[in-house]
Amino acid sequence: LYHWAIAFIMLTLLITGAIMLAKIDTPLWNRDPSVLSDNAWGVIYVFHGAASYLLIFFFILHIYFSFLPEHRDLLHSMLRGNKK
């Protein structure tokens, strides 16, 4: 379930980030912020920001769970390559 959540968060970041590229002037295309309405841009920015915070939260959660006592053997095997 954790990895599905990370995949969904990353897809959200990629899609909203690609849409936000319309506001940047590049050699490949001209800047066109009128692609979406102001309300739609607000929604895109909120989803992008929320997904960013969720990705950071899930990373911290992943590190936290690796230090739990019941997962200690898994942590040792990841670091040393052998079981304790």
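Each reported figure results from applying straightforward, stated rules to the coordinates on display, with no laboratory input. Remember, predicted model here, so these are calculated numbers, not experimental data. Methodologically, a virtual Cβ is constructed for each residue, glycine included, from the backbone with ideal geometry; neighbour enumeration extends over all protein chains shown.
Descriptive notes on the structure:
- Helices (runs of 4 or more DSSP H) within the chain that include 3 or more residues in contact with a Ser or Thr (Cβ under 7 Å, 6 or more places away or on another chain) and surrounded by 10 or more Cβ atoms within 10 Å (Cβ to Cβ): 38-66
- The C-beta contact set for segment 7-33 (first residue closer than 29 Å to PHE58 by Cα, second residue of a type in the set (Val, Ile, Thr) and surrounded by 12 or more Cβ atoms within 10 Å (Cβ to Cβ), distance under 8 angstrom, 6+ apart or interchain) comprises THR16/ILE44; ILE19/ILE44; MET20/ILE44.
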